[in-house]
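Input: a single structure, listed below in C-alpha cells.
The values are calculated or read from the model by the stated rules, or taken from the named source; none is laboratory data. Keep in mind that this is a model prediction, so the values were computed, not measured. Areas reflect the complete protein model, heavy atoms only, side chains present, ligands, DNA and RNA absent. Shrake-Rupley method; radii C 1.70, N 1.55, O 1.52, S 1.80 Å.
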Amino acid sequence: QVKLVESGGGLVQAGGSLRLSCEAPGRTFRAYNTAWFRQAPGKEREFVAGINKNGGSTNYPDSVKGRFTISRDTDGNTVYLQMNNLKPEDTAVYYCAADRYYSGSSPRNHDYWGQGIQVTVSS
C-alpha cells in the first residue's frame, strides 16, 4: 500500500495562487505516475494534472491549462501542483493519486489516493 499525504491547501482570493504538495513517505514517485484530481460538492471527481514516472511528460485539461503546473522535485519525493490565477470555480477538495502503470485521466484507474485537501477560492 502506498500512502499519499497532501498539504498546502487553504483559502485564497480570486486571482491568487496556492501550491499543493504530495508526499509518499518511504516511497519515490519515480516508480509511479502521479496525478492531481479535484472534487467539488455534488460533482464528479475531475482530473486536473498528471506527470509520468519519468517526470518528462505532463498533461492538463483545458480548464486549468496555462494556470496550473504539476512538477516533481529532483529526488522524486514530492509532487507539486502550482495553481495560479485561481478562480472561484477551482474551489474543491484536491486529491493526489498515483499508479505504477496507469498515466491517464480516469480516477478509476489510479490505485493510490491521498485523503484530500480543501482549496477555497473566494470571489
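Residue ranking by accessible heavy-atom surface, 1.4 Å probe, largest first, among S21, S123, S63 comes out as S123, S63, S21. Using C-alpha pairs under 8 Å with a sequence gap of at least 6, the mean separation divided by the residue count of the chain gives a relative contact order of 36 percent. Work out the P(r) tail for the chain: percent of alpha carbon pairs separated by more than 26 Å, whole number. For the chain, the share of Cα pairs beyond 26 Å comes to 12 percent.
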